[in-house]
Amino acid sequence: MSEPTGTPVTNLLPTALPQVSLFALGGTIASVPQTSPDEGSAAVGVRPAVSGRELVDAVPLIAQVARVETTQVLQVPSVEITPGDLLALVELMRDAVDSGADGIVVTQGTDTLEESAFMVDLLWDRPQPVIFTAAMRTPSSPGADGPANLLAAVQLAVTPEARDLGVLVCLGDAVHAARHVRKAHSSNPAAFESPGLGPIGWVTEGRPRIALRPVRGGAPLRVIAGTDLPNVALVRIGLGDDGQLLQAVGSLDVQGLVVEGVGGGHVPRALAPVLSRLVEQMPVLLASRTGAGEVLTQTYGYPGGEIDLRARGLLGTGAYDGTKARLLLVLALAAGLDRPALDRLLTL
Ligand code: ASP
């Protein structure tokens, strides 16, 4: 069912239509039931197999909106996508718009979509819209959401109002900014939210509307494809954490750390000296595990509170959660940013 990876395939349509380049990475939107288990797995379930070209051709209305060229970049569950894959994807996207594409659509799995979209957003340095979309249900499930999501994503990708907004995420007719969106439900078709903000727009009867324009913090980062990317650990803190995991980070091949503290950014007092030692080895960021709101800066003064941790050299991640802050630190280290520049980047 799949076409060979890396080969662009274009439908034959009038040239007056806008041009969209679609990059397909796999995920549920492209998944079909297996007849036998994959190598190394005992399970038979669904797995990505439908090509990007087949996804587009299965929605005839798309051909009335745009000429869509498809490139099969990967055919994987989204947890297999790597930051290196995304650097390579951004190069392909740049080539596409520099050769005339009016907009970009990326299809992938929902599990890590918020990460891919955010990382690409940090790097995207062109005005053309980039729309990530996906599906919570496979093409053969009752109520499959992939076809409608794909159509809406293409409609959004050719919308002039979507230019200069960075990367957008379009599912369930809602339009989210990549910086804020997250998957907030494991199975519900309405799984995507932008906590504290909501979507920035919507698609109704095929008409995309942008109601709010997101603030993009700072200039796009410059990290070229093929760059050796650092390892950044993400450690979530919980009740009674005794610091063993954090201590182990110091002896791993890790160049940065994000600590997702409780509440406004707090850890048990016993962990504070461990973090002080880690700060001497690598940049350590402090995020909140709450999932919305900012890391605090000047409220709690007890050991392990945010004032204490900042004094020990941790940098707050502002409104970025640990998952996004981890990718931001990967790119910031790869781009060679110094501490003040990193601090500015963490301010939305
Ligand atoms: N497990 C799938 C993936 O992320 C889920 C999805 O696509 O919705 O690849």
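The values are calculated or read from the model by the stated rules, or taken from the named source; none is laboratory data. In this text the structure is predicted, and so the values were computed from the model without any measurement. Every residue, glycine among them, receives a Cβ derived from its backbone with ideal geometry; neighbour counts consider all protein chains shown. Note: accessible area is taken over every heavy atom of the protein model, side chains too, but ligands, DNA and RNA are not part of it. Shrake-Rupley method; radii C 1.70, N 1.55, O 1.52, S 1.80 Å.
In segment 338-348, the residue that is nearest to L221 (Cα to Cα) out of those that are open to solvent by less than 60 Å² (accessible area, probe 1.4 Å) and touching a residue at least 60 places away in the same chain (Cβ under 8 Å) is L345.
Candidates are the residues of segment 116-132 that are in a helix (DSSP H, G or I) and closer than 19 Å to S194 by Cα; the one that is nearest to the ligand (Cβ to nearest atom) is S116. Just one of the listed residues (L113, L89) is touching a Ser or Thr at 6+ places or on another chain (Cβ under 9 Å), within 15 Å of the ligand (Cβ to nearest atom) and open to solvent by less than 10 Å² (accessible area, probe 1.4 Å), and it is L113. Please indicate, with yes or no, whether at least one residue in segment 229-238 is under 21 Å from V284 (Cβ atoms) and more than 24 Å from the chain's Cα centre (by Cα). Yes, segment 229-238 contains at least one residue that is under 21 Å from V284 (Cβ atoms) and more than 24 Å from the chain's Cα centre (by Cα).
Say whether the condition of being away from the ligand (no atom under 11 Å from the Cβ) and within 30 Å of R344 (Cβ to Cβ) is met by at least one residue in segment 133-147. No, the conditions are met nowhere in segment 133-147. Among the residues of segment 136-151, the one identified as of a type in the set (G, A, S) and crowded, with 24+ Cβ neighbours inside 10 Å is G146.
When segment 17-49 is limited to residues that are in contact (Cβ under 8 Å) with a residue 40 or more places away in the chain and more than 17 Å from E80 (Cα to Cα), the one that is farthest from the ligand (Cβ to nearest atom) turns out to be L17. Among the residues of segment 183-218, those that are in a strand (DSSP E or B), of a type in the set (A, V, I, L, M, F, W, C) and open to solvent by less than 60 Å² (accessible area, probe 1.4 Å) comprise F192, V203, I210. Go through the residues of segment 52-66 one by one and say whether even a single one is of a type outside the set (F, W, Y), within 13 Å of the ligand (Cβ to nearest atom) and over 18 Å from the mean Cα position of the chain (by Cα). Yes, there is a match, as at least one residue in segment 52-66 is of a type outside the set (F, W, Y), within 13 Å of the ligand (Cβ to nearest atom) and over 18 Å from the mean Cα position of the chain (by Cα).
Taken as a whole, the condition of being closer than 29 Å to G226 by Cβ and of a type in the set (S, T, N, Q) does not apply to T35.
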